[in-house]
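What follows is one structure encoded as structure tokens, with my remarks underneath.
The values are calculated or read from the model by the stated rules, or taken from the named source; none is laboratory data. The model shown is predicted, which means the values in this text are computed figures rather than measured ones. Virtual Cβ from ideal backbone geometry, glycine too; neighbours counted across all protein chains shown.
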Amino acid sequence: MKIKIILFAVLLFAVNAAGAQEICACSEALERLTVKIESEYPGFEQKTKDKILYNSFKQQLREQAASTDKTKCFEVLKKYTSFFRDGHIWINPATAVDQKGVVSTKLVDIDLKKFKNQLKASPDPLEGIWKNKFEWTGGTGYEIGITKNKDGGQLGFVMSSTSGFWKPGETKFRLFPDGKFEFYSFDKTLKTGTYELYGNSILYFREARAVFIKESPQSNLTQQQVRQKVGEFYGFGIKKLSNQTTLLSLPSFDYPFVDIIKDLVTYNRPLLEGQKNLIIDIRGNSGGTDNAYQILLPYIMSNSIRSMGVEYLASPTLVKGLETYLKTASDDKEKEEEVEMVKRWIGLFEKNMGKFVNVGDSTVSIQKVLSAGKGPDHVVILTDKRVGSSAESFVLKAKQSKKVKIAGTVSSGGLDYASARMFDFGCPEYLLQLPTYRSLRLPDYPIDNIGIQPDLYLDKSVKDWVQFCVEYLEQ
């Protein structure tokens, strides 16, 4: 688990540094993408056993790419990545591209020094400096200035960004007096909807699924209050359904929400410890990190957890990322042990480039779970077709507990090749995500494109899944 956390941080750096490169012609983009996937995707050999089919498909795309301009190229690249039927392979435009391959949004002419000096005296709660601290993995980080616009509303402009495609001064969004907004997504496509301002400190764009936290002037909310409200905006919550049953809703295990989940459990222990039944609703949870659900295990597990290990595909991206991490961590005395471990990993990867490497000591791990002492006697976990990655890992572990039942439909089936990270394939106008390891369950117990079956299948005639589970548990 530790290597996943380190790789998450360092591989993002490698991608974000790619912003100064030239935009690729479509044939070049396809060629670079195929080279990257064929050499660094852990599931490539398994997914292309029929070489005649794969090579024929690739040749057809090459012919299509040769006559496709830059504005339509994404459709060709998406068709290629879709061939592998792996939810951890993900490609998207990093920016909108016009007929000439040039991109921009309207620039704001503003004196930053004057803007910052005026903030303390401004009575407008929206004016200030904001950051999207709870951005989803793979997204772009922004520092945004909000100032008054000529039309009576407010305008949000980029002060800094982790993406090379968003320049200081570009317009990120507009806020109108009637509560509506115009919002440019990471690829600069326009979204509209309604926004909500909470406590003069949290700005939520409902339809854009984006949250910005006020940095200056400083918020009056505590960090815990901020996390609680952001969690509510995104659908996290816990509530008592009856005298016997509690409902816990966890729509994501992504990295920005780890502390939100910890708070949810920590500050609501009576609802977990004092109830006979617990329903955990993870429908729509596409995963994130295994760290997110660790705090729940003492309440739902009746025994230790047995898990198969993983093998990382040794690649230049992994080595480069780890070397970048060493440059930032080498002077930190608290990370001396971690630094030595990373050096060992680099040595293993360099000696086995292009091969699979198990950095652990065994193919199987046993996780001992210390019981919380008090907790529910019966647990139901709600799943659907959108549950994937680390959320499926949670289901796989929870199924080993004697007091857990899985209810709903089969999960998405995306766990054989995981720990997905952003990769640079030489065309910065696109964002590419690839998994970095394969599970040692393979080939005996595949989950990709199969999913995890529920213990209780809920068909279409069941309209209210939560109520069904309440009745099931309390009968």
Counted residues, the range 320-340 - those being over 23 Å from Phe423 (Cβ atoms) and either surrounded by 14 or more Cβ atoms within 10 Å (Cβ to Cβ) or among the basic types (Lys, Arg) (or both): 4
Answer with yes or no whether Pro251 is surrounded by fewer than 23 Cβ atoms within 10 Å (Cβ to Cβ), touching a Ser or Thr at 6+ places or on another chain (Cβ under 7 Å), at pLDDT 95 or above and farther than 20 Å from Tyr472 by Cα. no
Here are the criteria: (1) within 15 Å of His88 (Cα to Cα); (2) touching a helix residue (DSSP H, G or I) at 6+ places or on another chain (Cβ under 6 Å); (3) aromatic (Phe, Trp, Tyr). Tell me which single one Tyr417 does not satisfy. (2)
Please state which of the following conditions Thr317 fails to meet, knowing it meets all the rest: (1) surrounded by fewer than 18 Cβ atoms within 10 Å (Cβ to Cβ); (2) β-branched (Val, Ile, Thr); (3) in a helix (DSSP H, G or I). (1)
Residues located in the range 424-437, provided they are part of a strand (DSSP E or B) and surrounded by 22 or more Cβ atoms within 10 Å (Cβ to Cβ): Tyr430, Leu431, Leu432, Leu434, Tyr437
Take the residues in the range 331-345 that are touching a helix residue (DSSP H, G or I) at 6+ places or on another chain (Cβ under 6 Å) and free of Cβ contacts under 8 Å to residues at least 60 places away in the same chain, then tell me which one is farthest from Tyr312 (Cα to Cα). Lys335
Modelled with pLDDT under 90 and surrounded by fewer than 18 Cβ atoms within 10 Å (Cβ to Cβ): is that true of Lys150 in this structure? yes
Residues of the range 370-395 classified as modelled with pLDDT of 95 or more and either at positive phi or surrounded by fewer than 21 Cβ atoms within 10 Å (Cβ to Cβ) (or both), total: 5
Would it be correct to say that Ile238 is over 30 Å from Cys427 (Cα atoms), surrounded by fewer than 20 Cβ atoms within 10 Å (Cβ to Cβ) and out of contact with any His (no Cβ under 8 Å at 6 or more places or on another chain)? yes
How many residues are more than 25 Å from the chain's Cα centre (by Cα), under 23 Å from Asp424 (Cβ atoms) and assigned to a helix (DSSP H, G or I) if we restrict to the range 321-361? 5
Selection from the range 226-245 of residues that are polar (S, T, N, Q) and in the same structural domain as Asp263 (by TED's automatic domain parsing): Ser242, Asn243, Gln244, Thr245
Could you say which residue among Gly287, Gly309 is of a type outside the set (D, E, K, R), surrounded by fewer than 21 Cβ atoms within 10 Å (Cβ to Cβ) and out of contact with any Cys (no Cβ under 8 Å at 6 or more places or on another chain)? Gly309
Within the set of pairs 6 or more residues apart or between chains, which connect a residue that is not assigned by TED's automatic domain parsing to the domain that holds Tyr457 inside the range 383-396 to a residue that is in a loop (DSSP other than H, G, I, E, B) and not acidic (Asp, Glu) with Cβ atoms less than 6 Å apart? none
I'm trying to understand the selection: among the residues of the range 190-214, which are over 20 Å from the mean Cα position of the chain (by Cα), surrounded by fewer than 16 Cβ atoms within 10 Å (Cβ to Cβ) and not aliphatic (A, V, I, L, M)? Lys191, Thr192, Gly193, Thr194, Glu196, Gly199, Asn200
Flag if Gln275 is in a helix (DSSP H, G or I), closer than 19 Å to Leu382 by Cα and of a type in the set (S, T, N, Q): no
Regarding the range 397-405, can at least one residue be identified that is in a strand (DSSP E or B), of a type outside the set (S, T, N, Q), more than 18 Å from the chain's Cα centre (by Cα) and crowded, with 24+ Cβ neighbours inside 10 Å? no
Tell me yes or no: at least one residue of the range 220-242 is farther than 25 Å from Glu196 by Cβ, at pLDDT 95 or above and out of contact with any Leu (no Cβ under 7 Å at 6 or more places or on another chain). yes
Subset of the range 236-270 [in a helix (DSSP H, G or I) and either in contact with a Pro (Cβ under 8 Å, 6 or more places away or on another chain) or closer than 17 Å to Leu382 by Cβ (or both)]: Ile261, Leu264
Tabulated pairs, the range 288-310, first assigned by TED's automatic domain parsing to the domain that holds Leu370, second of a type in the set (Phe, Trp, Tyr) and surrounded by fewer than 16 Cβ atoms within 10 Å (Cβ to Cβ), C-beta under 9 angstrom, 6+ apart or interchain: Met308/Tyr445
Here are some conditions: (1) β-branched (Val, Ile, Thr); (2) modelled with pLDDT under 85; (3) surrounded by fewer than 16 Cβ atoms within 10 Å (Cβ to Cβ). Ile110 meets all but one. Which one does it not meet? (2)
Against the condition buried (at least 22 other Cβ atoms within 10 Å of the Cβ) and under 21 Å from the mean Cα position of the chain (by Cα), how does Leu278 come out, does it pass? no
Number of positions in the range 184-212 that are part of a strand (DSSP E or B) and not charged (D, E, K, R): 15
